[in-house]
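> First the structure, which I've put down as structure tokens, then a few questions once you've had a look.
The values are calculated or read from the model by the stated rules, or taken from the named source; none is laboratory data. It should be emphasised that the depicted structure is a prediction, and the values quoted were computed from it without experimental measurement. Note that each Cβ is placed from the backbone with ideal geometry, even for glycine, and that neighbours are counted across all protein chains shown.
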Amino acid sequence: MPGLLRIIIPAGALVASAVLVWLAWLQPYLAEQDVLKLGHGDYSLIGTDGQPFTAARLQGAPSAVFFGFTHCPEVCPTTLGDIAVWQDELGDAASDLRVFFVTVDPERDTTEMLGDYVGWVPGVVGVTGDAAEIRAAEKAFRIYSRKIPLSDGEYTMDHSALVLLFDDNGRFVEPIGYQEDLDRALAKLRRLLS
Amino acid sequence: MKNLMKFAALLMFLGAPAMADDKMSMMQEVTVGPLTLSDGFAHATLPNQPVAGGFVTITNTGEAADTLIAVQSDLAGVMQIHEMAMQDDTMVMRELDGGLIVPAGETVTLEPGGLHLMFMQLNGPLIDGEDVTVTVTFQDAGDVELTLPVRKKMHGGHGMSHDGDS
Ligand SMILES: [Cu+2]
């Protein structure tokens with residue numbers, strides 16, 4: 001028995017230290033790798049500006065990407081209004097920033113519908129496409145969405161409400177949270193655009 | 001022309017909200033049975049926004065609970081009673097299937113970010129400064145008409161920062 005314990009204890013210690021290494025180093029490392037992949041992947045959508053929207057579109061200039069839908073009661077209009085305020089506050093510095101509003105509701109959000117909806121905020125491009133391609137984009141950006149049936153034949157969409165910021169190499173930098181403090185949001189944008 | 005329209009649209013959001021407090025029109029308080037409805041308003045729609053939210057505070061001074069079971073407006077093909085919430089970074093919204101209970105002696109507040117009257121299938125825009133009439137129906141107290149002033153939303157995080165730290 002003592003012989004067996006002599007094996008079990010070091011074996012246990014080995015497992016424990018392996019777990020510690022995983023938690024302390026490997027897991028955050030892998031998570032970071034995943035974060036760097038945000039927005040990358042195979043999806044092919046269309047913008048209200050007539051240009052395709054694929055992972056390649058994130059290259060070349062900094063972007064802010066938000067997922068939402070036109071039948072959204074509160075979060076999407078608020079975020080669009082916030083984006084208009086950011087642009088106003090940033091002035092010329094914002095001219096480099098591209099803003100994409102990707103629908104989680106391709107069933108209702110046609111290009112026309114989206115174009116009219118985002119059109120009043122300068123430079124915001126609405127993005128839609130086939131449902132399967134939208135799902136692929138959600139996966140690439142790690143966006144959660146779910147269709148929720150309502151009465152009267154209506155439905156709504158639960159969805160992630162972060163504005164995701166990408167640098168001019170198409171690399172994810174950081175998110176701006178829903179109704180994040182204006183000064184903090186502007187600081188993030190100024191960092192991105194500097 | 002298009003740019004001019006965009007500019008005008010932007011002004012809807014950036015225009016002088018500092019004056020909103022003193023100029024903000026309030027809903028005429030109404031009572032129905034033991035219920036008092038006050039501080040109602042609706043959010044102005046964005047250009048081409050097909051839905052909108054309405055809000056009101058309901059106080060029940062009676063001895064028994066009542067339930068808000070329906071709401072309607074000429075401006076909306078469908079109106080429902082909803083609750084929305086942010087769960088972590090996700091927006092979730094649900095219909096209150098059995099209506100909204102207002103317990104005896106209590107006040108229930110419908111406000112942005114939470115409980116709301118949801119305007120759907122809008123026939124037209126809700127315009128800042130105008131009114132929208134809705135009829136709400138309580139199980140016991142019955143119908144009552146509300147005239148909700150339409151107000152634009154505040155933007156840029158917690159209110160506007162254009163006036164410094166006001
Ligand atoms: Cu709603």
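> Of all residues in the stretch B:110-147, count the ones that are of a type outside the set (A, V, I, L, M) and either farther than 30 Å from B:Thr90 by Cβ or more than 14 Å from chain A (Cβ to nearest Cβ) (or both).
Residues flagged as of a type outside the set (A, V, I, L, M) and either farther than 30 Å from B:Thr90 by Cβ or more than 14 Å from chain A (Cβ to nearest Cβ) (or both) within the stretch B:110-147 amount to 15.
> What number of residues within the stretch A:151-180 are surrounded by 14 or more Cβ atoms within 10 Å (Cβ to Cβ), assigned to a loop (DSSP other than H, G, I, E, B) and at the interface with chain B (Cβ under 9 Å from one of its Cβ atoms)?
7
> Right, here's the next one. Among the residues of the stretch B:98-114, are any within 15 Å of the ligand (Cβ to nearest atom), closer than 17 Å to A:Met157 by Cα and not in a strand (DSSP E or B)?
Taking every residue of the stretch B:98-114 in turn, at least one turns out to be within 15 Å of the ligand (Cβ to nearest atom), closer than 17 Å to A:Met157 by Cα and not in a strand (DSSP E or B).
> Mind listing whichever residues of the stretch B:108-145 are more than 11 Å from the chain's Cα centre (by Cα) and under 15 Å from B:Val30 (Cβ atoms)?
Within the stretch B:108-145, B:Asp131, B:Thr133, B:Thr135, B:Val136, B:Thr137, B:Phe138, B:Ala141, B:Gly142, B:Asp143, B:Val144, B:Glu145 qualify.
> Could you count how many residues in the stretch B:22-62 are in contact (Cβ under 8 Å) with a residue 60 or more places away in the chain, among the aliphatic types (A, V, I, L, M) and facing chain A (nearest Cβ under 10 Å)?
3
> Filter the stretch B:119-138 for residues that are in a strand (DSSP E or B) and not polar (S, T, N, Q) and give the result.
Hits for the stretch B:119-138 are B:Phe119, B:Met120, B:Leu122, B:Asp131, B:Val132, B:Val134, B:Val136, B:Phe138.
> Go through (1) surrounded by 16 or more Cβ atoms within 10 Å (Cβ to Cβ); (2) under 20 Å from B:Ile101 (Cα atoms) and name the single condition B:Gln49 misses.
(2)
> Here's something else I'd like to know. Going by the conditions given, is A:Val99 without any contact (Cβ under 8 Å) to a residue 40 or more places away in the chain and part of a strand (DSSP E or B)?
Details: without any contact (Cβ under 8 Å) to a residue 40 or more places away in the chain: yes; part of a strand (DSSP E or B): yes.
In short, yes.
> Within the stretch B:51-71, is there a residue that is within 17 Å of A:Glu154 (Cα to Cα), modelled with pLDDT under 95 and more than 12 Å from the ligand (Cβ to nearest atom)?
No, the stretch B:51-71 has no match at all.
> Another one. If you take the residues of the stretch A:138-150 that are part of a loop (DSSP other than H, G, I, E, B) and facing chain B (nearest Cβ under 10 Å), which of them is nearest to B:Val78 (Cα to Cα)? Before you say what the answer is, go through the steps one by one.
Kept after step one, since they are part of a loop (DSSP other than H, G, I, E, B), are these residues of the stretch A:138-150: A:142-144, A:150.
Add one more test, that the residue is facing chain B (nearest Cβ under 10 Å), and what stays is A:143-144, A:150.
Working: A:Ile143: 29, A:Tyr144: 27, A:Leu150: 11 Å.
The selected residue is A:Leu150.
> Name the residue, out of A:Asp92, A:Asp116, A:Asp88, A:Asp42, that is surrounded by fewer than 20 Cβ atoms within 10 Å (Cβ to Cβ), at pLDDT 95 or above and of a type in the set (D, E, K, R).
On inspection, the qualifying residue turns out to be A:Asp42.
> Can we say B:Gln80 is within 14 Å of the ligand (Cβ to nearest atom) and in contact with a helix residue (DSSP H, G or I) (Cβ under 7 Å, 6 or more places away or on another chain)?
No; evaluated as a whole, the condition is false for this residue.
> Say whether the condition of being within 14 Å of the chain's Cα centre (by Cα) and either away from the ligand (no atom under 16 Å from the Cβ) or farther than 21 Å from A:Asp167 by Cα (or both) is met by at least one residue in the stretch A:111-118.
No, that holds for no residue.
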